[in-house]
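Engineer: Provided herewith is a single structure, encoded as structure tokens, for subsequent inquiry.
The values are calculated or read from the model by the stated rules, or taken from the named source; none is laboratory data. Computed from a prediction, not measured in an experiment: that's the story for all the values here. Ideal geometry is used to build each Cβ from the backbone, glycine not excepted, and the neighbour counts take in all protein chains shown.
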Amino acid sequence: MHLLLINPNTTVSMTQKAAAAARTVAASGTEIIAATSRMGPASIEGHYDGALAIPGLLAELRERRASGYDAAIVACFDDTGLEAARSFSDVPVVGLCESAVATAGFLAQRFTVVTTLERSRVLIENLVRRYGMGERAKVRASDIPVLALEDVASGAIGKLRAEIERALSEDGAEAIVLGCAGMTDLARELQAIYGVPVIDGVAAAVKQAEALVSLGLSTSKRGSYSAPLPKPFAGAMREFAPQPAG
């Protein structure tokens, strides 16, 4: 099985971190193919960054299609471009947020997603509601810029732990979801410290993608995820114009 893991921001070290986490949990017959977007923002923090990251994500899906992959993972907790990727692809595409909150729902009645900045909290809160977990989950921001997670001296880990402790004491959280791909390497350590399930979106997405492929299931192409209709695209978007079938 070949899983394409795409980081929709342009920071290669984040891709490497996510790929390492993915390989830790992947089944023995699963190959993780890691890709980094070559256009767009260095990190994704809010709607503006997310919108400008989507073309790079779609370009990676398109360019790697010839070499083949059985499913794709969008390695950003904002599920950046997930809907567009599903419309474009003929294989399953999963996102970190959707996979993580679904996994948390199997493990706890109440859980808290701890993410980076306030602007991301609001976006993720909307996603959690959309995925049907709004009554069971709270979303907290730890005031950490995404790129600070790459800097050991930034104090980011202390801020993250403080917010997790508030979630456990104030929210009654029974599990914690780490709300950023840049936190993927911290899940097991934090789980050992706090004694509750700590869900990493990268790991959850890998296992969800493997399950869909093993079951022979893919995204429905009837209705909302139908392939885009052929039409001209102008300017810099010309290369993304859908082509007629065949």
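Engineer: Given (1) at pLDDT below 95; (2) under 25 Å from Ala18 (Cα atoms); (3) among the aliphatic types (A, V, I, L, M); (4) outside the structural domain of Ala102 (by TED's automatic domain parsing), identify the lone condition not met by Leu212.
Structural biologist: (1)
Engineer: While we're on this one: Among the numbered conditions (1) outside any helix (DSSP H, G or I); (2) touching a residue at least 40 places away in the same chain (Cβ under 8 Å), tell me where Gly29 comes up short.
Structural biologist: (2)
Engineer: Separate question: Out of the residues in the range 99-132 that are part of a loop (DSSP other than H, G, I, E, B) and more than 28 Å from Ala71 (Cα to Cα), state the one that is modelled with the lowest pLDDT.
Structural biologist: Within the range 99-132, the match that is modelled with the lowest pLDDT is Leu117.
Engineer: I want to confirm something. Restricting to the range 134-153 and keeping residues that are in a loop (DSSP other than H, G, I, E, B) and touching a strand residue (DSSP E or B) at 6+ places or on another chain (Cβ under 8 Å), which single residue is modelled with the lowest pLDDT?
Structural biologist: In this case the residue turns out to be Ser142.
Engineer: Would you call Ser67 touching a His at 6+ places or on another chain (Cβ under 9 Å) and either closer than 24 Å to Leu186 by Cα or hydroxyl-bearing (Ser, Thr, Tyr) (or both)?
Structural biologist: Yes; evaluated as a whole, the condition is true for this residue.
Engineer: Report yes if Ala66 is within 29 Å of Gly235 (Cβ to Cβ), modelled with pLDDT under 95, among the hydrophobic types (A, V, I, L, M, F, W, C) and more than 16 Å from the chain's Cα centre (by Cα), otherwise no.
Structural biologist: Yes, satisfied.
Engineer: Mind checking whether some residue in the range 134-146 is in the same structural domain as Gly29 (by TED's automatic domain parsing), small (Gly, Ala, Ser) and more than 18 Å from Asn9 (Cβ to Cβ)?
Structural biologist: No, the range 134-146 contains no residue that is in the same structural domain as Gly29 (by TED's automatic domain parsing), small (Gly, Ala, Ser) and more than 18 Å from Asn9 (Cβ to Cβ).
Engineer: Residue under question is Val91, and the condition is that it be buried (at least 19 other Cβ atoms within 10 Å of the Cβ) and not assigned by TED's automatic domain parsing to the domain that holds Lys221; does it hold?
Structural biologist: Against the criterion (buried (at least 19 other Cβ atoms within 10 Å of the Cβ) and not assigned by TED's automatic domain parsing to the domain that holds Lys221), Val91 does not qualify.
Engineer: Further question on the same structure: Looking only at the range 193-231, count every residue that is in contact with a Pro (Cβ under 8 Å, 6 or more places away or on another chain) and among the charged types (D, E, K, R) and tell me the total.
Structural biologist: So the answer is 1.
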